[in-house]
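Below is one structure, written out as structure tokens; the observations come after it.
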Amino acid sequence: MTSRRSLALASVAAVVAVAIAVAISFWIHWFPAQATTQAQNTDRLYHVLVLASIPIFVLVVTVILYSVWQFRMKPGEELKDGPPIHGNTRLEVFWTAIPTVLLLGIVGYSFVVLRNNEKKPAREIQIGVTAQQFAWTYQYPPSVTGGAPLNSTQLYVPKGESVEFSLRSKDVIHAFWIPAFRVQEDVVPGITTHWRATPIRLGSYPVVCNLLCGLGHSLMRSTVHVVTPAQFHAWITSQQSAAASGAGGLSTTGAATG
Amino acid sequence: MEAASISHAAVHDGHDHHGPPAANRSSRVEPELLGMLLFIISEIMVFGAFFTAYFFIRIAQGNPWPAPGTSLPVQVAGVNTAILISSSFTIHWAQTSIKNGNRFGLKAGMLTTFLLGCSFLFIQINEYANIGFAPQDAAQQTIFYSLTGLHGAHVFIGLLLLLFVTIRAFRGHYTPEEHRGVEVPGIYWHFVDIMWIIVYTTVYVL
Amino acid sequence: MAAKLRAPGFYRAGIMMLGGVALATGLTWLVRMTTGHATYSHYLSGDAILSVSLLAVPLAFLIGIGGFDYWFYWAAGRPTRPEDHSGHGAYSWKDYFRVNTDHKVIGVQYTVSSFFFLLVGGLIAMLMRAQLAQPGSHFVDANTFNGLFSVHASLLIFLFIIPVFAGLANFVLPLMIGAPDMAFPRLNALSFWLLPVAGALMLGSFFAPGGAFADGWTAYAPLSDNAPIGQTFFSVAVQFAGASSIMTALNFLVTIITMRAPGMSFFRMPLLVWANFATSLLVVIATPFIAASQFFVLLDRALGFNFFNAAHGGDVLMYQHVFWFYSHPAVYIMMLPGFGIISEIIAVKARKPIFGYRMMAFSLLAIVALGFTVWAHHMFTSGMAAWIRIPMAITTAIIAVPTGIKIFSWLATLWRGVLHLDTPMLFALGFLTTFTLGGISGVMLAMVPFDIHVSATYFIVAHIHYVLFGGSLMTIFAGVYYWFPKMTGRMYDERLGKWHFWATFIFVNLTFGPMHILGLQGMPRRVSTYAAKFTDLNLFISLASFGLGLSTLVFFYNIVTSWRGGPRAIPNPWRGMTLEWQVSSPPPIFNFDRVPTVVGGPYEYGVPGAVHGIFAPAPAPAAAGAAASVVRAPSQ
Ligand code: HEA
Ligand code: HEA
Ligand code: CUA
Ligand SMILES: [Cu+2]
């Protein structure tokens, strides 16, 4: 086979490989449920990254396979050497410049996603999260409950409203991660850390402690329930009354309903 | 090439210890000197890590400095600084002496340097004993003891080196031609001095 | 007997170690007695004695084995014996078990003992995969599991990848630059003997009360501050391994700078030498930071200091900054020497000059420089100030550019070459593939919003193993096969080598590929059990990993049998140009009886009549012994 024909063949094979890989990348179910706007942005970013990576990887593999196919030593060539090519400045500038531009492009895009994901919206509710070996508790301040602050081991958030979580630790470092929300941040003793997300999909999703915090790390789990705003307020009220009756009926509303 | 390696093999199999061929010297820098300079880079990075801790505790955390209710003996430490700096001069004296063949200067210089270093360490330990706080109290005290203690440990190592050099000087080692053994530990000692100036400035003065 | 106990060696070391324990006991007793431990029963504390012993016993061992003998003579001012090189060379296998100053012996000592730790670390991985094959704790409990992956990673990083590169370079680097030995042979010996010490400490932690250190190889404070005593084993072991790295790096730098053969300018050095030059710079500058991070933890643990005690003003994130300021550069410490190996192999096996030699050297230095500016990409979700993520993400992405230059230059070297597809070359090509994949997933991790999702998940575990196994370990296999004839004087079994390659290549991808999906799907790392929906993939991964383990056994079998009975190797089986191939296999005791003179580049394959180094004609046999140091190749 002439070298021009085999080159053409290799190029076609590479293009086909790229096409197949792209198709597979759309077919694979990469992520768990997409439950926030942040998740939508991040997943899109991921798909762009995959699409950008496939040609690079296919290029590398194609060159390797093509060289193995065309340039492997044939019998009788045991003592033969290749042509003494020492370099090619044009080519070297090219493969320095192109990746640089590409990389700066995708970091730039990732910063746009980051800004969108972390932008403070006009309206937002605050929920406190406290980590301790090996359990989570959640604090709903008066601004959320509309009454006395509420402490709970359950996490409920209303659909469609941005939530800012304030994370505090009582002992070592943990990490507060909701895979369905695509966001996590470490919970560090001594400081308060934050993240925000806007849930857009009803359902219950796992909450995961994602930083090794000792023996019970694997089991430090909880659940987040994304509910409608009406259900959310109903839940808050029921919790408050439960808390109030538990505490001896100090609150008048609690006493009335309970 | 084939023949060459056969003759090599012959030498290899015989058990006689002929020395290695003198290595080619591809740089004007002496290996010992270069090794010491590189080691000092590593040492600077050790201090760098401790200064990072200092930065985080004092600046990033915004802890008051010194810790409330404590004070640092700036004057005493200042005197101590002077002692350590003067020892840099005495070791320089020892080095120039041996270069000029003055054995008395070498011995006297080394001995004074050694004693100055010892008094620095003694005063430092005395300061720990009387300073009125402990590293267990809070982060500021922790980093105070750690930085000065790290430096103290380096003074101690430096003193060991100086001690060896002094012993060897008194035993008649070193000549005007061959005095690397004084030179190289000397560089380390200068480094220990300069490091103290930085520690003193950041911890006591600023 | 008395003479045996006085001479450096294992007997003396044994006695000294007992003395070390006694010293530790006495010392802690004394200190506790004088510092307010009122009752007699408090004078002795098991934890305190153990902690001090962890330092005292290893030092006693090193003194006993003879690591410091020469310096003790020097310190006491006794006339130092002129170097008679009696510590040089190996005449029987026993010579590998004493303090030996020959860089070739040390290289073998390093390589063999590191592979021992690969075996142990890999075996531990098998146990982990057995546990992870099913959810629930059916095999080991959570504490043991945490200990397993912590020791797995620590052994493989600090006692396999880093030292095995140092070992291979120890063997070939002086040969490549035409030097008779390293610049400081005794320091070289000492830096080897620190390794078994560090390894014994890490493995010994399994027997400590409370179990092995279980906070990951990253040992984040404050968890590590309050962990059982096993954590102290880690902190101390890292000091020994780190000291060993620094000593070796100093030695390489001084050797490369001051001991090159005549005519060996910097731009005539083989790229392996460049790679180790770059790596050594990283080691000298970065390693003190991990030493310090473990000092902090030790001080917090043993003496109640407050570095990481948030309640007393300590700063928890500071640990991570100091740790990663070392440990990010460390990942390049674990990759750049491999780049060097690949450059050697690809040039020789493609029979072409390395494409863009100068850019290959400069890109190494660029990686060194950039490597110091990216550490906080491990902290995107750590809670540090948000703005730091921006510059760190940019530098992290940009570091792919010099790495890309290397990949593309290797590909261009293959182009139109005459490829000899034997085992070293197969591993080199396998490396190009898997490392590119691992590098690309690394670049994805630099994209902050994406990292915020996958940080600390199995996606990271996948990245780690693609770059460390698919990257570093592939280059190590390639390098061991490539220099095996030179190091042992024997040829390995080519057929088994190819089997090893194909099994490794396939099982690496089957084991670590699916981990990407697990991570994206939400499976955290460092867990001993997991949600039911991850079961199928985990079982698949575990089975594949056992295949990977078996493929590694093929390697060990090949090496052991070939070393004992393989066919004798000729001096230059690969027709390489670099100097190590111009001497016998294994090389003569002082490498070169005449210093070679370098007259050209190291990879001038295909250039008619080109040579890299020339030797003066052999001296007359009668004068061979005496004249060895006099004869010099004519200078150019
Ligand atoms: C040998 C070791 C090694 C190497 C070489 C690398 C190389 C890289 N690593 Fe990796 N990394 C680790 C070992 C290594 N890493 C380990 C052990 C951890 C986990 C630590 C822990 O938490 O336990 C880690 C974690 C880690 C993280 C943190 C993840 C987290 O915890 O959240 C990040 C984030 O940015 C990262 C990025 C990178 C990048 C960008 C590179 C780049 O250097 C890669 C560059 C290479 C290429 C890109 C491929 C070739 C290039 C081309 C073909 C050119 C064209 C390419 C493009 C245009 C994309 N790594
Ligand atoms: C160079 C580094 C290196 C190497 C070579 C490996 C090799 C392997 N690693 Fe490891 N690994 C790390 C570095 C490395 N790893 C690091 C840094 C971490 C992070 C730890 C942390 O979180 O702190 C990690 C974590 C890690 C995890 C995640 C643990 C967790 O987060 O819970 C897993 C899980 O599968 C894993 C698996 C494996 C496997 C199956 C191999 C295999 O490739 C091993 C193959 C080799 C052998 C098996 C040895 C030879 C064979 C035998 C001895 C015979 C026995 C054979 C059988 C029984 C079949 N590794
Ligand atoms: Cu809490 Cu892990
Ligand atoms: Cu990194």
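Taken together, the values in this text are just the output of simple stated rules run on the coordinates, not laboratory data. The model shown is predicted, which means the values in this text are computed figures rather than measured ones. All Cβ positions, even for glycine, are placed from backbone atoms using ideal geometry, and neighbour counts span all protein chains on display.
Indicate the gyration tensor shape class of segment C:482-588 (rounded, prolate or oblate), computed on the Cα atoms with a ≥ b ≥ c the square roots of the eigenvalues: a/c under 1.5 is rounded; otherwise a/b larger than b/c is prolate and the rest oblate.
Details: a/c = 3.93, a/b = 2.93, b/c = 1.34.
Judged from the Cα gyration tensor, segment C:482-588 comes out prolate (a/c at least 1.5, a/b above b/c).
Can you give the % of DSSP beta bridges in segment A:124-244 that are antiparallel, to the nearest 5? Walk me through the intermediate numbers first.
On the way: 26 of 37 bridges.
Around 70 percent of the beta bridges assigned by DSSP in segment A:124-244 are antiparallel ones.
Quick one: which residues, 5+ away or cross-chain, put their amide H under 5 Å from the amide H of A:Tyr156? H built at 1.01 Å from N.
A:His225
Would you mind classifying segment C:390-548 by shape? Square roots of the alpha carbon gyration tensor eigenvalues, ordered a ≥ b ≥ c; an a/c under 1.5 is rounded, otherwise it is prolate if a/b is larger than b/c and oblate if not.
Values: a/c = 2.75, a/b = 1.38, b/c = 1.99.
Oblate.
Of the candidates B:Leu111, B:Leu163, B:Leu38, which one comes out as most mobile in a Gaussian network treatment of chain B with C-alpha springs shorter than 10 Å?
B:Leu38
Leaving out same-chain residues fewer than 8 places away, which aspartates and glutamates sit with a Cα under 12 Å from that of C:Lys498?
By straight Cα distance, C:Lys498 reaches C:Asp422.
For C:Trp74 paired with C:Ala200, estimate the spin-label separation in nm (one decimal), with each label point 7 Å from Cα along the Cα-to-Cβ line.
So the two model labels end up 2.5 nm from each other.
Return C:Met182, C:Met318 ranked ascending by Cβ neighbour count within 10 Å, so the fewest neighbours appear first. Each step should come with its number before you reach the end.
Working: C:Met182 28, C:Met318 24.
Listed from fewest to most nearby Cβ atoms, that is C:Met318, C:Met182.
Between C:Ser45 and B:Ile125, take the C-beta separation as r, use R0 = 22 Å, and let me know the FRET efficiency to the nearest 0.05.
Details: r = 25 Å, r/R0 = 1.12.
Result of the calculation: an efficiency of 0.35.
Would you work out which of C:Gly547, B:Phe39, C:Ala214 lies farthest towards the positive end of the dipole of the protein assembly as shown? Charges go on Cβ: Lys and Arg +1, Asp and Glu -1.
Towards the positive end, the residue furthest out is C:Gly547.
Go ahead and estimate [θ] at 222 nm for chain C from helices alone: -39,500 (n - 2.57) per DSSP H run with n ≥ 4, summed, over the residue count, rounded to 500.
Working: 22 runs with 390 residues, N = 636.
Calculated mean residue ellipticity at 222 nm is -20500 deg cm²/dmol.
Compute the distance from the alpha-carbon center of segment C:416-481 to that of segment B:93-169, in whole Å.
Taking the Cα centre of segment B:93-169 as reference, the centre of segment C:416-481 is 49 Å away.
Assign unit charges at the C-beta atoms only (+1 for Lys and Arg, -1 for Asp and Glu), then state the dipole size of segment C:519-589 relative to its Cα centre in Debye, rounded to the nearest 20. Before the final figure, lay out each step's value.
Working: 6 positive and 2 negative charges, 13 e Å.
So the magnitude is around 60 debye.
Select from chain C the helices, each a whole stretch of DSSP H, whose alpha-carbon atoms run 15 Å or more along the helix axis and whose Kyte-Doolittle mean is at least 1.0; answer none if there are none.
Result, helices passing both filters: C:10-34, C:46-65, C:103-132, C:162-177, C:185-204, C:230-258, C:271-303, C:336-350, C:357-371, C:400-414, C:423-445.
Just want the ordering: C:Thr457, B:Thr175, C:Thr395, from fewest to most Cβ atoms lying within 10 Å of their own Cβ. Show your work: numbers first, answer last.
Working: C:Thr457 25, B:Thr175 11, C:Thr395 19.
Lowest to highest Cβ neighbour count: B:Thr175, C:Thr395, C:Thr457.
Express in whole angstrom the spacing between the alpha-carbon centres of segment C:328-397 and segment A:113-154.
Using only Cα atoms to place each centre, the spacing works out to 40 Å.
In segment A:107-165, what % of DSSP beta bridges are antiparallel (nearest 5)? The partial results should precede the final answer.
Values: 8 of 11 bridges.
So the antiparallel bridges amount to about 75 percent of the total.
Would you work out which of C:Leu27, C:Ile452, C:Asn591 lies farthest towards the positive end of the dipole of chain C? Charges go on Cβ: Lys and Arg +1, Asp and Glu -1.
The Cα lying farthest towards the positive end belongs to C:Asn591.
Given the -39500 (n - 2.57) contribution per DSSP H run of 4+ residues, what per-residue ellipticity at 222 nm results for chain A, rounded to the nearest 500 deg cm²/dmol? Intermediate values should be presented prior to the final figure.
Details: 6 runs with 118 residues, N = 258.
Taken over chain A, the calculation gives -15500 deg cm²/dmol.
Could you name the lysines in cross-link range of C:Lys486, using Cα to Cα under 18 Å and dropping any fewer than eight places away on the same chain?
Partners within reach: C:Lys104, C:Lys349.
Provide the FRET efficiency to the nearest 0.05 for the C:Val611-B:Thr201 pair, computing r from the beta carbons and using R0 = 56 Å.
Numbers: r = 57 Å, r/R0 = 1.02.
The pair C:Val611/B:Thr201 has a calculated efficiency of 0.45.
Quick one: A:Thr223, C:Thr35, fewest Cβ neighbours within 10 Å first, how do they rank? The partial results should precede the final answer.
Numbers: A:Thr223 13, C:Thr35 7.
Listed from fewest to most nearby Cβ atoms, that is C:Thr35, A:Thr223.
What lysines does C:Lys4 reach when the alpha-carbon gap must be under 16 Å and sequence neighbours fewer than 8 apart in one chain are set aside?
Excluding near neighbours in sequence, the set is C:Lys94.
Loop sites only, by DSSP: take the GluC sites (Glu not before Pro) in chain B that have at most 14 other C-beta atoms within 10 Å and name the longest stretch containing none of them.
The longest uninterrupted stretch comes out as B:1-176.
Counting only C-alpha contacts under 8 Å and six or more residues apart, can you give the relative contact order of chain C as a whole percent?
Working: 1049 pairs, mean separation 87.4, N = 636.
Normalised by residue count, the contact order of chain C is 14 percent.
Towards the positive end of the charge dipole of chain B, with charges on Cβ (+1 Lys, Arg; -1 Asp, Glu), say which of B:Pro176, B:Thr166, B:Gln75 has the farthest Cα.
It is B:Gln75, whose Cα lies furthest towards the positive end.
State whether chain C is rounded, prolate or oblate according to the following rule on the C-alpha gyration tensor (a ≥ b ≥ c being the square roots of its eigenvalues): a/c under 1.5 gives rounded; otherwise a/b larger than b/c gives prolate, and the remaining case gives oblate.
On the way: a/c = 1.73, a/b = 1.18, b/c = 1.47.
Oblate shape, in that a/c is at least 1.5 and b/c is the bigger or equal ratio.
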